[in-house]
Structures are given as C-alpha cells and as structure tokens.
1. Kindly indicate the residue of the stretch 51-77 that is out of contact with any Pro (no Cβ under 9 Å at 6 or more places or on another chain) and of a type in the set (G, A, S) and also surrounded by the fewest Cβ atoms within 10 Å (Cβ to Cβ) among those meeting that condition.
2. For the stretch 121-135, does any single residue satisfy the condition of being over 18 Å from S81 (Cβ atoms), surrounded by fewer than 17 Cβ atoms within 10 Å (Cβ to Cβ) and touching a strand residue (DSSP E or B) at 6+ places or on another chain (Cβ under 6 Å)?
3. Of everything in the stretch 79-108, what is at pLDDT 95 or above and assigned to a strand (DSSP E or B)? Give them in sequence order.
4. (1) under 26 Å from G184 (Cα atoms); (2) surrounded by fewer than 17 Cβ atoms within 10 Å (Cβ to Cβ): which one isn't true of G157, the others all being true?
5. So G56 ticks every box in (1) in contact with a Cys (Cβ under 6 Å, 6 or more places away or on another chain); (2) over 27 Å from D156 (Cα atoms) but one. Which box is left unticked?
6. Just one of (1) in contact with a helix residue (DSSP H, G or I) (Cβ under 9 Å, 6 or more places away or on another chain); (2) closer than 22 Å to G66 by Cα trips up D169, so point out which.
Amino acid sequence: MAYGKRETEGVATLADIEALPEGVVGEIIEGTLYVHAQPRAGQMDTLGGLIAALRGPFQQGRGGPGGWWIQVEPGIRLEGSPEFIPDLAGWKKDRVARIPAGSWLVAPDWACGILSPSTRAYDLRIKRPFYARIGIKHLWFIDLEARTLLVSELRDGQWVEVGTYCDDDLVRVPPFEDLELRLGELWPFVEPTSGI
C-alpha cells in the first residue's frame, strides 16, 4: 500500500485515524489525513539500531553529552495537525524538561524518516516541507534501498543539505556530532525479494 490522502468530511480528526483498519497508519498534516501501511521488518530493524546508538549517549548521557529525549514513532499533536508520527524524533531537554504522559505537544528538534518505496514520495513531498514549516531544525532520511543517510538542517526556513553518506561510512553529523556512527551497522540483513 502506497501512501495516499484519505477523504474526510471537513478537516480530519483523531476519530478518522481511529476508524482506520488494522495495519494502516494514519497521520493528519495540516488538516489532511494521509494513510500508509505499517513499517516492514527491515525498517524496524534500522530504527532499532539507530535508537540503540543514540539513546545511551544522548538521552541517558552514557558515553555522550546527554540532554535529549529520543523517541521511536512518537505521536505529536500541533495546531492543525492533531496526529503525525516521525519514525524517530528528538527533543532537547532544555526545551522539554519531561516526557509527556500523552502525545508530544511541541515540535521536535530532530526527526528521522526511513524512506520506503511506498512512502518515499509522501516523506519527501508532504512531510519534509511540513517539518520545515513547524521549525524542526534537523532532518535525517535513511534510504534502505540506496543505503544512504541524507542529513539536512533548517536555515532561514529552508532545508540545506549537510551531506549524503552511504555504505560503511563513519560519520559525525548534526545534531549528534559527538557520536561516530557506522552506517553499515544500520542496514538490515533482509532476505532478497524473489521475482514472484
């Protein structure tokens, strides 16, 4: 299932998301409901590897500076967008002192998305400009097929590409420059698809 707009009467609400069938993920961005299939095993493996690499040094301060909340698929609610879910997101603790009991009500400082064939256009055409409008400062996109990490920073309301890194590169990239990240450890060991 590729991403798509789901028609609703008027502005989409959380009730529209709750009415979706099992296995379908919904997000409301600026009043429009977008739907797509749940992430696949390879995507979840990559998310798990990245959260494991970041959470110790940046959330818990083990071997790193701390000062962040790092979350997997956090539900975020902002005016006009009562539910959107980055694959990973991070908030600086000096902006948000505690993890909320419910949804996050503040835009994150960093977001990361896993590009897949079914969501690539949605992530790049819908979410990327939306993230700029709400002021997310750092954006990563991981492309599993191309084995690349695209890193961008928001400057004067526009995304500026910091770099594209691939394969087994060792990188130190914003906002987590204190960590040397070996990209080869993020690529999942997924069975090749059969031609059927």
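The values are calculated or read from the model by the stated rules, or taken from the named source; none is laboratory data. From a predicted model like this one, the values you see are computed outputs, not experimental measurements. Here the Cβ positions follow ideal geometry from the backbone for every residue, glycine too, while neighbour counts run over all protein chains shown.
1. A52
2. No, the stretch 121-135 contains no residue that is over 18 Å from S81 (Cβ atoms), surrounded by fewer than 17 Cβ atoms within 10 Å (Cβ to Cβ) and touching a strand residue (DSSP E or B) at 6+ places or on another chain (Cβ under 6 Å).
3. Listed by number, the residues that qualify are L88, A89, G90, W91, K92, W104.
4. For G157, the exception is condition (1).
5. (1)
6. Only one criterion in (1) in contact with a helix residue (DSSP H, G or I) (Cβ under 9 Å, 6 or more places away or on another chain); (2) closer than 22 Å to G66 by Cα is unmet by D169, namely (2).
Residue-wise test of (1) among the basic types (K, R); (2) under 16 Å from the mean Cα position of the chain (by Cα).
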position	(1), (2)
R62	yes, no
L88	no, yes
R120	yes, yes
I136	no, yes
I142	no, yes
R155	yes, no
T164	no, no
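The rows are residues; the columns are (1) over 25 Å from G61 (Cβ atoms); (2) at pLDDT 95 or above; (3) not aliphatic (A, V, I, L, M).
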{"site": "Y122", "(1), (2), (3)": "yes, no, yes"}
{"site": "I134", "(1), (2), (3)": "yes, yes, no"}
{"site": "W140", "(1), (2), (3)": "no, yes, yes"}
{"site": "L144", "(1), (2), (3)": "yes, no, no"}
{"site": "R147", "(1), (2), (3)": "yes, no, yes"}
{"site": "P174", "(1), (2), (3)": "no, yes, yes"}
{"site": "L183", "(1), (2), (3)": "no, no, no"}
